[in-house]
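Student: Let me begin by handing over the structure; questions about it come next.
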Amino acid sequence: MVPAITKIDIYKLSIPLAIPYGTSLGLFDHADNIIIKIHSSEGLYGVGEGCPGTSVTGDSQAMDFEAAQLLGTLIMGKNPLAVEARMKEIDSFLVHNSTIRSAFDIALYDLLAKKAGLPLYALLGGEKRTLQTDMTVGLASPEKMAQQALKYVEQGFLSIKVKLGTNFDDDVARIRAIRETIGEKTLIRIDANQGWDQVTAIRILQALVPFSIQFCEEPVAHWNNRALKYVHEHSPIAIMSDESLFDHHDAYRLASMEVCDYFNIKLAKSGGIHTALKINAVAESAGIKCMIGSMDETNLAMSAAAHLVSAFPNIEFADLDAALFLAEDPVIGGVTYEGGKITLTDTPGHGADFDSEYLKTLESISITQKGDF
Ligand code: MG
């Protein structure tokens, strides 16, 4: 008998960041996320999470709470195991708003993997790999950023990601201070978050060559593919698309235009795992390696993302440090961190959950009725 979705619980989860961080898009000091719990007629449930990065994805917790009720009504009573079919309905019904679509996608994959009795990486056909995440250093003075970077190196992170994107003098001073403080061994990735124009980007990237930079994320405005192509053609440092890449259509366009070396996939941008798989397929076709990044999610969304990285060797890099920034992480189970080393669980699904008593303390709504869509 085909199972059916019987109930969907929607929660608002808000947690301050223990380590607020600055970027050229503004200060991030709070995680205002949405949790989705999808119940099936077989007595199983799957849990998903989305963190709206408003300046990137254009949505907010309040918007996602409303949208989740529409999406919950849309798929109520239908087969939760047909993930591609359910996500096609969701993606057709609601354009943009990728964060909330992602929360549904993660919950559906969690449910499917639990039904199969497999950890998510195995459901996706992959092997269990030990992953290494970088740790992000937010925008601040060169001295403060250098001390922060040193702390992370001492904690065992093999790579750090440095937020830049202001101006030539300050950005070069930041990297010089960090490299002089942490030494030569640790990898440094940089992220301008669209903060430069194409001329400034090339000046800065050329000046950073002596400091051995692994790659640079989103140097110019996300919409400016022409400028990105110019930067890519003239940069001595590899370029990674982040805010310019949401879905597989973007991936095809960016790969066709030859504007970058790497893709940064985030589930909150792609609308979940189903589209992340399509982005990675386009990337692999074009010879482009991927990273999976994060917004400000808890260990739950980080676990789903880590399983995805583990399953696909073309996803070479992990930027899954979000959960480490939270003042508290109420998740039970999920991946464990040891410095930058991430270890996956073999529990069916993504392996992460919330205590039901904890969830009762959150603002929530439950959907049980099928809608007229
Ligand atoms: Mg980025």
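Student: Taking the chain as the reference, fit the longest principal axis to its C-alpha atoms, fit the long axis of helix 168-182 to the helix C-alpha atoms, and give the angle between the two in degrees, 0 to 90, nearest 10.
Tutor: 80
Student: Rounded to whole Hz and in sequence order, give me ³J(HN,Hα) for segment 28-35 from the Karplus expression 6.51 cos²θ - 1.76 cosθ + 1.60, θ = phi - 60°, writing x for Gly and Pro.
Tutor: With the stated coefficients, segment 28-35 comes to 10, 10, 8, 9, 10, 10, 10, 10 Hz.
Student: Add +1 for every Lys or Arg and -1 for every Asp or Glu among the other residues with Cβ under 14 Å from the Cβ of Gln155, and state the total. Each step should come with its number before you reach the end.
Tutor: Numbers: positive: Lys151, Lys341; negative: Asp134, Glu154, Asp321, Glu338.
So the environment of Gln155 carries a net charge of -2.
Student: On to the next question. Would you kindly work out the equivalent ellipsoid of segment 122-352 from its C-alpha gyration tensor and give its semi-axes, the square roots of five times the eigenvalues, largest first in whole Å? Show your work: numbers first, answer last.
Tutor: On the way: eigenvalues 151, 106, 36 Å².
Semi-axes (√(5λ), whole Å): 27, 23, 13.
Student: What do you get for the angle between helix 142-154 and the principal long axis of the chain? Use alpha-carbon atoms, 0 to 90 degrees, nearest ten.
Tutor: 60
Student: Once Rh is set to the Kirkwood radius over Cα pairs, what Stokes-Einstein translational diffusion coefficient, in µm²/s, holds for segment 132-192 at a temperature of 10 °C and a viscosity of 1.306 mPa s?
Tutor: Details: Rh = 11.1 Å.
Once the numbers are plugged in, D ends up at 143 µm²/s.
Student: Would you kindly give the portion of the calculated P(r) for segment 83-179 that falls above 20 Å, as a percent of all Cα pairs? Walk me through the intermediate numbers first.
Tutor: Numbers: 2853 of 4656 pairs.
Considering segment 83-179, 61 percent of its Cα-Cα pairs are separated by more than 20 Å.
Student: Let me ask something else about it. Here is the link list: Lys37/Lys269; Lys7/Lys341; Lys266/Lys370. Which ones come out longer than 27 Å on Cα distance?
Tutor: Lys7/Lys341; Lys266/Lys370
Student: Just name one of Ser55, Ala283, Ala301: the one whose Cα is farthest towards the positive end of the charge dipole of the chain (beta-carbon charges, Lys/Arg +1, Asp/Glu -1).
Tutor: The residue sitting most towards the positive pole is Ala283.
Student: By DSSP, what percent of the beta bridges with both residues in the chain are antiparallel, rounded to the nearest 5? List each step's numbers first, then the result.
Tutor: Values: 33 of 57 bridges.
Antiparallel bridges: around 60 percent, rounded to the nearest 5.
Readers should treat all values here as calculations from the given coordinates under stated rules, not as data from a laboratory. Everything numeric here is computed off the predicted structure, so don't read it as measured data. Reconstructed Cβ throughout: ideal geometry from the backbone, glycine too, with neighbour counts over all protein chains shown.
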